[in-house]
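Take a look at the structure set out below.
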Amino acid sequence: MRKKKKRVFAFYRYTEGGSMEAYLEEMARKGWHFVEWRLGMVFEKGAPEDVIYDVEVFSGGRETDQRPGEEAEEYGEYCEAAGWQLVDARRKFCVFRQIRKDAVPIVTPEEKFTNAWKAELACRLRGLVWCLLILGLRGSNLFLPGGYANLFRNLFLATLLGWTAVFVLETWKLLALAVWCLQRYWELKMGKALFFGSRNRLIAWWQRIRIWGYGVPLLFVMAVLAAGGYIEYIQVLMLCYIVIFALEVGEGLWKPSREKQVNLLIIDAFCALAFVVLIFSVVGYREFRSEAELARTEPLTVTAPVQARMEITYHTHEESIFGEHREVHADYWRNTAADESEADGDLSVSVCESDVRPLLEACWDDDVEMMLTAISDLPSETVRPVTELTGQEIRALEETLKEQLQARKVELAVGNDLLRIGVFFPDKVFYVSSDTTWDPEELIELGNCLARSVY
């Protein structure tokens, strides 16, 4: 008759070995005996008995271990001579079952304490470093030219908020570990018996189900993607999740040795590369679809008060809890009647609308900085013959523009080749540029008309 088995998906930290021991002993009294880790904790049905377990943190183990390594096997043989049988090992955990009543403790309380906090500290620091790295990469986008536009994207804000929450959680875990170490150290000094974990049944119950809580960030990201209309990204995310889940299930069932885990690393790298290619493919598809929609759009004609015909070549619209950001690029023809093949020039319009004044201030500073950079980057042969500006005069003009920040309107004309205008309205920042010189008021009107025509 086939023995009855059941699988429990439980997750314990290295500082909760006592809670795991208590759980295994409770299951044994109910007739369920722990036999191995294989995609969770596997229990086999048998006669109820009082079994004593000892969960040790083995310093020679690795986080990627799915089964006892060679060092853990040798450690198990040493412990068996002392009256403890190695049942199974995973990560740095080694589970022992007492096989002799006169069994001596495997390690001293001091050693048990040291092994636990060192292993847990390594986990916490590893998680904190990864979190800081990702958070730094995402947050650094705010300090790039035009980085303020990210604040008008709910997906960016959600990602930043999510990783900030993870950072706070990891920091809290690190502080909690420090408090735990101080408490256990004091108990050791006082000669008290140490218990690694919690005897509270509610907390013990949470330790066995909290692995499912890691799905909450996934649901949060999917909700944000759905709200923003990023259906393709949801599909890619779900495909990635399915692949990761399949790999985790396969690894949990296969329980590869350290040598065979190299094959899994190759598969993981291939899947990560395929995922990156898929993401770029989705981005390219969205841009292609946007361009196809623009190609079907009738050219915009502005006849009053400015005579011009414009054809939109690119546009984007981002909206978040902070406001809206719109950007439009278009080719223009001054002769609205003629159907000329080559445009007279191009226009670029950027509009930021928000009720958050500091954000508008940041947008304004960033736009004017781009205008100043445009002056500095122009080669002398472009500037001098038309404007007769020396390097000193350009620097003086930059200082003048900086002073004009208080006036909330900046116009920059470099000969007949460039015109850039920035206007700070009470509730929005408007920035328009052209590769040929217009009358400033006409260019502002053109920019406003272009932005209103799309949104």
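Being polar (S, T, N, Q) and at pLDDT below 85 is the filter here; which residues of the range 151-193 pass it? Those that are polar (S, T, N, Q) and at pLDDT below 85: N154, T159.
If only residues of the range 79-129 that are among the acidic types (D, E) and touching a strand residue (DSSP E or B) at 6+ places or on another chain (Cβ under 8 Å) are counted, the one that is surrounded by the fewest Cβ atoms within 10 Å (Cβ to Cβ) is E80.
Condition first: surrounded by fewer than 13 Cβ atoms within 10 Å (Cβ to Cβ) and in a helix (DSSP H, G or I). Now tell me which residues in the range 179-197 satisfy that. V179, L182, Q183, W186, K189, listed by residue number. Taken over the range 24-40, the residue count meeting the criterion of being open to solvent by less than 20 Å² (accessible area, probe 1.4 Å) and on the phi < 0 side of the Ramachandran plot is 4.
The values are calculated or read from the model by the stated rules, or taken from the named source; none is laboratory data. Note that the structure is a prediction, hence the values are computed from the model and not measured. Counting neighbours? That spans all protein chains shown, and the Cβs are built from the backbone with ideal geometry, glycine included. Protein only, heavy atoms only, side chains kept; ligands, DNA and RNA dropped before computing areas. Shrake-Rupley method; radii C 1.70, N 1.55, O 1.52, S 1.80 Å.
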